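The values are calculated or read from the model by the stated rules, or taken from the named source; none is laboratory data. As the structure is a computational prediction, the values presented were derived from the model and not from experiment. Because the Cβ atoms are built from the backbone with ideal geometry, glycine has one as well, and the counts that use them run over all protein chains shown. Heavy atoms of the whole protein, side chains included, go into the accessibility calculation; ligands, DNA and RNA do not. Shrake-Rupley method; radii C 1.70, N 1.55, O 1.52, S 1.80 Å.
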Amino acid sequence: MTADLSGTSFAALHRPGEPLLLPNAWDHASAAALAARGFPAIATSSLAVAAAVGLPDGAAATREHTVRLALTLGSEPYHLSVDAEGGFSDDPAEVARLATELWAVGVAGLNLEDGLGASDLLAAKIHAVKAAVPGMFVNARTDTYWSGDGDEQDTLRRLDAYQQAGADGVFVPGLTDPARIAGLVRRLGVPLNLLHSPAGPTVPRLAELGVARISLGSLLYRRALGAALDAMDDIAAGRTPGGTTPSYDEVCALERSVSVSRSANSTG
């Protein structure tokens, strides 16, 4: 059953100690199926968007595809957050135009990453987006743990710059040490977003540490690909594939549900 979002803003879902568990979808069917399970907000995954069309992730190559997906999902009865890599441009004004375009189709949140580049550049992008679209929830990601060496001082310096630029939340994928997580929560003035890791702290443990948002990133997409490969291996070996398999009619019903919601939105 789709969650009731009446009176609940996307920002209000970020509660330290009671974190928003944010699944990342890659198309209408995956987003609709997750929303039907009661998740009040859905995010996109830049890796999934890129892989689906055969383009590299993190190379500013998927702006058109990201906007197209947002157009498909933005009018649905759940909050939508878009993973936009670094905004697909080094020009803050261009990133602000992207945010304005996304806001117009119903997107509530925007995830922007520094890729370990200059922190002042991402800060300028954040400032430009918030000036153009004040209501957009900007989640600023630093990759100091994801692709760097986890330098604590560099992480704090970057996050301070992003908060001062107007970020509504900050994202530190790759950070899994409980003591560092707790220290960062105490240090920050905005909600902390972490990436769920099967090898890291559990969702209840992250809640205890004060995390306000837990993203799944590309995990669900990669699991879906893995399930398809496992199913083919089982079939080839004469076994019945295990796991959850929605029926043909259930998948068709996802299309009907979005048609109904769009009709209601257009007449409301």
Only one of (1) open to solvent by 30 Å² or more (accessible area, probe 1.4 Å); (2) closer than 13 Å to residue 130 by Cα is not met by residue 90, so which one is it? (2)
If you check every pair at least six apart or on different chains, which have Cβ atoms under 8 Å apart with a residue in segment 101-128 that is over 15 Å from residue 158 (Cα atoms) first and a residue that is assigned to a loop (DSSP other than H, G, I, E, B) and modelled with pLDDT under 95 second? 102/74; 105/74; 105/75; 106/74; 106/75; 106/76; 107/74
Which of the residues belonging to segment 66-101 are at pLDDT 95 or above, closer than 22 Å to residue 37 by Cα and not in a helix (DSSP H, G or I)? 78, 79, 80, 81, 82, 83
Which one is most open to solvent (accessible area, probe 1.4 Å) among residues in segment 163-179 that are farther than 18 Å from residue 203 by Cβ and over 19 Å from the mean Cα position of the chain (by Cα)? 164
Of all residues in segment 236-250, how many are farther than 14 Å from residue 29 by Cβ and assigned to a helix (DSSP H, G or I)? 1
Restricting to segment 109-120, give me the number of residues that are in contact with a helix residue (DSSP H, G or I) (Cβ under 8 Å, 6 or more places away or on another chain), farther than 22 Å from residue 24 by Cβ and either assigned to a strand (DSSP E or B) or open to solvent by 20 Å² or more (accessible area, probe 1.4 Å) (or both). 1
So which residues in segment 27-65 are farther than 23 Å from residue 115 by Cα, among the small types (Gly, Ala, Ser), out of contact with any His (no Cβ under 8 Å at 6 or more places or on another chain) and not in a loop (DSSP other than H, G, I, E, B)? 29, 30, 31, 32, 33, 35, 36
